[in-house]
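The values are calculated or read from the model by the stated rules, or taken from the named source; none is laboratory data. For clarity, every value in this text was computed on a predicted model and none was experimentally measured. Every residue, glycine as well, gets a Cβ built from its backbone with ideal geometry; the counts of neighbours run over all protein chains shown. Only protein heavy atoms, including side chains, enter the accessible area calculation; ligands, DNA and RNA are left aside. Shrake-Rupley method; radii C 1.70, N 1.55, O 1.52, S 1.80 Å.
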Amino acid sequence: MLSLAAFSGSAWADTVTVYSARNEQLLKPLLDRYTKETGTEIKLLTANEGALLARLNAEGPSTPADVLITVDAGNLWLAAQQGQLQPLKSSILSANIPAHLRDPGNQWFGLSVRARTIVYNPQSVRPSDLSTYEDLGNPKWKGKLCLRTSKKVYNQSLIAMMINELGEAKTEAIVKSWVANLATDVFPDDTALLKAIAAGQCQVGIVNTYYLGRLLVKEPQFPVALFWANQNGSGAHVNVSGAGVTRHAKNVAGAQKLIEYLSMDAAQNFYVDEDLEFPANPKVKPNSIIKQWGPFKQNLLNVSKAGELQSAATRLMDRAGYK
Ligand code: FE
C-alpha cells in the first residue's frame, strides 16, 4: 500500500512534511520553488533542533515528518543516533555530496558547508602572524584572543574534530592555552565576537564565516578580515547543514527527491546567495561576497566525527576551563 501510493503519485504521496531547524526565511522560498517545479506540496514545521528531536521521539511511528533538516553534523548525528533517520540509497546524493560531508551510513547528507576559521583585526594583525587554530594558544596572543562560549555546538564540533585528529591530551593542552590567552569573557554568539574584534577589544578569534559575510553585506568596510586556518596542514574546520529521511516517513520517495533537489545547482546557489554558506556540491561556484575569501582547503575528516566525539569534547572543554 505504501509503495503503491508512492508510485502512483496519489494526493497524499505528493505531500512531503519537513521538520526544519533552519531559519524559515531561508528555507521557505526554496521549498516554494520546489513546489512550483514539481507540484509536490511541502508542509513545513520550523522549530529549534532540540524541540524537533523531542517531537520526533514523542510522535514515534505516527509522526507526519518525512524529512528532518537541521544545522551541524553534531545534531544530524544525534538524530541518527536516536533512531530518528533511515538510510538512503541515492546515486544523485553520492555524486553531488563529497564523502566527508555525509553520514558514512547514509542516514544524513550535508547540503551546505559552514566553515569555522580564524578572523582578525587587520589594523593590528598581519596574515603572516597567523597559521593554525593551535597557534592561537601561542603566548604572543596573550590577552588578544576572543572565543564564543563552549556551550555552542559549533565549538563542540570544532574541538571534537581536533580530538579525532590530535588526540585528547594534545587538544586539551591547546584549549587550555586558548583560555590563557583570552582577552575577555567568552561571547554568546559569533556576531558579538566579530564586533569586539572590530572595536579592538580583541585581535583574533574563531567564527563561522557566514556571520562575517552578513556583517559585510550591511557594512562593506566592516574592519575584520578572514584567515583560512591550517592550510599547510589538514585544512580548515568545516561543518554542514543537512537533511535526512525520517525513520517513520510516510513518503520516502518524495522525501528522497526533495533532498536530492537540495543537492543540485539551483538549490545549492540558494544556500550560497541567501545565507552566505559554501555549497556542499563542489560543482557549484560560490557567489561574489564569499568568493573574495578565495578557495580554501577543507579538512576532509568525516563530519560525523563531530557527533561521535561531542561529549568527549564537552568534557574536555570543561576540564580546560573553557566556559
Ligand atoms: Fe549559525
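Site pair Asp129 and Thr15 shows an inter-label distance of 5.8 nm when each label is modelled 7 Å from Cα along Cα→Cβ.
With a cut-off of 20 Å on the backbone N, the residues of segment 229-273 near the modelled label site 7 Å out from Glu41 along Cα-Cβ are 249-259. Close amide H pairs (under 5 Å, H built 1.01 Å from N) link Ala229 with Ile118, residues at least 5 positions away or on another chain.
Between Leu300 and Ser62, the FRET efficiency from the beta-carbon distance, with R0 = 30 Å, is close to 0.15. Label-to-label distance, Lys291 versus Asp32, with points set 7 angstrom from Cα along the beta-carbon direction: 2.7 nm.
Taking a probe of 1.4 Å, how large is the accessible area per residue of segment 101-180, in Å²?
Working: 2950 Å² over 80 residues.
With all protein chains present, segment 101-180 gives 37 Å² per residue.
Every Cα-Cα pair of segment 1-160 was included, and the share exceeding 23 Å stands at 54 percent.
The residues packed around Ser157, meaning those with a beta-carbon under 11 Å from its beta-carbon, carry a net charge of +2 if Lys and Arg are +1 and Asp and Glu are -1.
With all protein chains present, how much of the accessible area of the chain (probe radius 1.4 Å) comes from carbon and sulfur, to the nearest whole percent? Intermediate values should be presented prior to the final figure.
Values: 7350 of 13630 Å².
Carbon and sulfur: 54 percent of the exposed surface of the chain.
Computing FRET efficiency as 1/(1 + (r/R0)^6) for Ala51 and Gln201, where r is the C-beta to C-beta distance and R0 is 41 Å, gives about 0.75.
For the chain, count the residues as N, evaluate 2.2 N^0.38 Å, and divide the Cα radius of gyration by that value, please. Can you show the working numbers first?
On the way: Rg = 20.2 Å, N = 323, 2.2 N^0.38 = 19.8 Å.
The reported ratio for this selection is 1.02.
Convex hull of alpha carbon positions in segment 10-78: directionally averaged projected area 5.0 nm².
Available extension along the chain between Thr191 and Asp273 is 27.6 nm, counting 0.36 nm per residue and deducting the alpha carbon span. Annotation: for a label point projected 7 angstrom from Cα along Cα→Cβ of Asn232, residues of segment 92-124 with backbone N closer than 17 Å are 118. Which residues does a label at Gln81 reach in segment 303-322, if reach means a backbone N under 12 Å from a point 7 Å past the Cα toward the Cβ? Under 12 Å, as judged by backbone N against the label point of Gln81, lie 304-315 of segment 303-322. Quote the Stokes-Einstein diffusion coefficient, in whole µm² s⁻¹, for segment 213-318, based on the Kirkwood radius over alpha carbon pairs, a temperature of 37 °C and a viscosity of 0.692 mPa s. For these conditions, the coefficient is 198 µm²/s.
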